[in-house]
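Colleague: Here it is, the structure, as structure tokens.
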Amino acid sequence: MAKTKTTFFCQNCGSQYAKWMGQCTSCKEWNTIVEEVIQKEEKRNWKQTTSTKKVNKALKIAEIVLNEEDRISTENGELNRVLGGGLVKGSMLLLGGEPGIGKSTLLLQIALAIPKKILYVSGEESQAQIKMRSERLSVANNNCLILTETNTQHIFRAIEEIQPDVLVIDSIQTLHTDYIEASPGSISQIRETTAELTKFAKETATPVLLIGHITKDGAIAGPKILEHMVDVVLQFEGDRNHSYRILRANKNRFGSTAELGIYEMQSTGLREVENPSEILISQKDDNLSGTAIAATLEGMRPLMIEVQALVSTAVYGTPQRSATGYDTKRLNMLLAVLEKRAGFRLGAKDVFLNIAGGIKVDDPAIDLAVVSAIMSSNEDDAIEQDFCFAAEIGLAGEVRPVNRVEQRILEAQKLGFHKIFVSKFNKINHSNFKIQVVKITKVDDVFNNLF
Ligand code: TYD
Ligand code: MG
């Protein structure tokens with residue numbers, strides 16, 4: 001009998017060790033190293049090949065023929081946009097996201113919409129639960145088969161019978177293979193089951209969509225190698241208390257990672273949001289102080305986002321600074337710039353900042369809107385509703401240029417804004433725009449222009 005071989009894996013980062021340790025030396029996490037049984041490996045010479053299949057031939061670039069039709073449209077505009085077309089045949093896609101964000105809903109909705117034969121394998125929910133969910137989604141597709149199974153050998157048996165065009169697995173952490181002893185969700189199971197599915201995908205040219213759980217710090221649970229093994233890694237994110245969800249590509253072997261999909265979670269499933277700017281700006285009748293609109297870019301997509309600020313006298317000794325959807329450190333930096341470079345006395349004030357819609361913004365071009373919203377709340381003087389902002393602020397209080405400013409200006413113009421504030425250093429051809437473009441150099445200029 002072959003001797004069973006065990007190795008120690010860090011459950012957080014996937015590092016491999018020969019013996020147990022309390023702390024992983026690679027990711028510095030404590031108590032994450034677990035012993036796992038791995039199959040006995042035979043030592044093989046790399047030149048020997050056991051496969052009887054024909055060997056691939058090396059070709060010159062010019063000799064390679066491109067097949068245009070190797071993508072399957074998902075019938076979902078936002079997902080197609082993020083993928084750069086549709087599902088590439090034989091590709092492995094991994095969808096990560098926090099629990100309850102809507103991963104199963106998204107893939108079930110897609111499975112029910114594609115007019116092909118789909119096998120949806122769930123290791124997390126019963127067939128009845130999936131039926132209930134599909135009733136809410138109110139899309140029915142007789143070509144979509146639901147299987148509840150966690151053993152990959154059983155799944156492959158079902159696949160042989162059904163011959164699906166697309167395979168969906170919910171989730172990779174629930175799968176296990178007979179060839180490995182470790183429990184489902186462990187590093188070696190995840191690696192082995194993914195490898196089996198990858199082999200299936202490549203050999204049959206069937207796209208495989210995997211759902212993956214993420215850990216509390218946002219990484220896909222399981223080893224980083226899972227992300228290396230698949231072709232596309234998508235991340236589904238959003239605030240659970242809000243209805244907007246953003247789908248991003250963290251990795252895409254067949255397209256750009258700059259595209260973004262936006263959805264709204266409704267009682268009837270996920271709705272595609274084609275014009276995100278309109279919904280991210282809260283509808284109001286009268287002018288309120290403390291709000292400013294930023295012309296941001298998320299990936300390739302222009303988004304008009306409302307920034308709300310509240311500045312009030314601190315009740316307790318130490319003033320509070322808090323931000324939702326925006327980096328608190330950056331908020332503190334901007335407050336220091338306002339204090340030092342523009343003479344605002346904010347040291348004894350509480351400052352609260354909120355990005356409307358529950359989304360998170362990294363684009364530095366939002367800085368100018370943040371500063372303007374804070375000034376507006378501090379002065380209790382509203383900013384005109386048809387003004388918007390797109391510039392970064394530097395430590396010296398200088399207003400810095402941002403990338404692709406013309407695209408932002410066009411979006412603002414399209415949505416009916418009359419004035420946009422940008423940095424003086426952005427090169428702009430004014431004759432292209434009907435909207436008034438105000439160029440500023442310093443934070444003080446904004447104040448003089450607005451109030
Ligand atoms: P789910 O897809 O189960 O999340 P995940 O697979 O990422 O863990 O999404 C669950 C949430 O979505 C749940 O809290 C209910 C909500 N939801 C709706 O609001 N509308 C719907 O039509 C569906 C199916 C779910
Ligand atoms: Mg789920």
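Colleague: Under 7 Å between Cβ atoms, at least 6 apart or on separate chains: pull out the pairs that start in the stretch 305-318 with a residue that is free of Cβ contacts under 8 Å to residues at least 60 places away in the same chain and end on any residue that is assigned to a strand (DSSP E or B) and aliphatic (A, V, I, L, M).
Modeller: If the second residue must be assigned to a strand (DSSP E or B) and aliphatic (A, V, I, L, M), the pairs left are GLU306/ILE293.
Colleague: Out of GLU98, GLU160, GLU149, report the one residue that is over 17 Å from THR194 (Cα atoms), away from ligand 1 (no atom under 12 Å from the Cβ) and acidic (Asp, Glu).
Modeller: GLU160
Colleague: Between SER289, SER256, which is in a loop (DSSP other than H, G, I, E, B), closer than 30 Å to GLU398 by Cβ and either within 16 Å of ligand 2 (Cβ to nearest atom) or in contact (Cβ under 8 Å) with a residue 40 or more places away in the chain (or both)?
Modeller: Details: SER256 fails: closer than 30 Å to GLU398 by Cβ.
Within the list SER289, SER256, the selection yields SER289.
Colleague: Next question, about the same structure. Determine whether VAL139 is touching a Leu at 6+ places or on another chain (Cβ under 8 Å) and more than 16 Å from ligand 2 (Cβ to nearest atom). Break it down into steps so the answer makes sense when it comes.
Modeller: Numbers: touching a Leu at 6+ places or on another chain (Cβ under 8 Å): yes; more than 16 Å from ligand 2 (Cβ to nearest atom): yes.
For VAL139, the condition - touching a Leu at 6+ places or on another chain (Cβ under 8 Å) and more than 16 Å from ligand 2 (Cβ to nearest atom) - is met.
Colleague: Which condition number in (1) within 16 Å of ligand 2 (Cβ to nearest atom); (2) in contact with a strand residue (DSSP E or B) (Cβ under 9 Å, 6 or more places away or on another chain); (3) touching a residue at least 60 places away in the same chain (Cβ under 8 Å) is the one that GLY100 fails?
Modeller: All conditions pass for GLY100, except number (2).
Colleague: With GLY212, GLY185 as the choices, which residue is buried (at least 20 other Cβ atoms within 10 Å of the Cβ) and assigned by TED's automatic domain parsing to the domain that holds ASN252? Show your work before the answer.
Modeller: On the way: GLY185 fails: buried (at least 20 other Cβ atoms within 10 Å of the Cβ).
Checking each option against the conditions leaves just GLY212.
Colleague: Being of a type in the set (Asp, Glu) and more than 9 Å from ligand 1 (Cβ to nearest atom): is that true of GLU125 here? Talk me through it step by step, then tell me what you get.
Modeller: Working: of a type in the set (Asp, Glu): yes; more than 9 Å from ligand 1 (Cβ to nearest atom): no.
When the stated conditions are applied, GLU125 does not pass them.
Colleague: Going by the structure shown, is THR194 crowded, with 23+ Cβ neighbours inside 10 Å and either free of Cβ contacts under 8 Å to residues at least 40 places away in the same chain or under 27 Å from the mean Cα position of the chain (by Cα) (or both)?
Modeller: Details: crowded, with 23+ Cβ neighbours inside 10 Å: yes; either free of Cβ contacts under 8 Å to residues at least 40 places away in the same chain or under 27 Å from the mean Cα position of the chain (by Cα) (or both): yes.
Against the criterion (crowded, with 23+ Cβ neighbours inside 10 Å and either free of Cβ contacts under 8 Å to residues at least 40 places away in the same chain or under 27 Å from the mean Cα position of the chain (by Cα) (or both)), THR194 qualifies.
Colleague: Name the pairs whose Cβ atoms lie under 9 Å apart, with the first residue in the stretch 108-133 and in contact (Cβ under 8 Å) with a residue 40 or more places away in the chain and over 15 Å from LYS89 (Cα atoms), the second within 12 Å of ligand 2 (Cβ to nearest atom) and part of a loop (DSSP other than H, G, I, E, B), and 6 or more positions between them or separate chains?
Modeller: SER122/SER171; GLY123/SER171; GLU124/SER171
The values are calculated or read from the model by the stated rules, or taken from the named source; none is laboratory data. These numbers come from a predicted model, not from an experiment. Because the Cβ atoms are built from the backbone with ideal geometry, glycine has one as well, and the counts that use them run over all protein chains shown.
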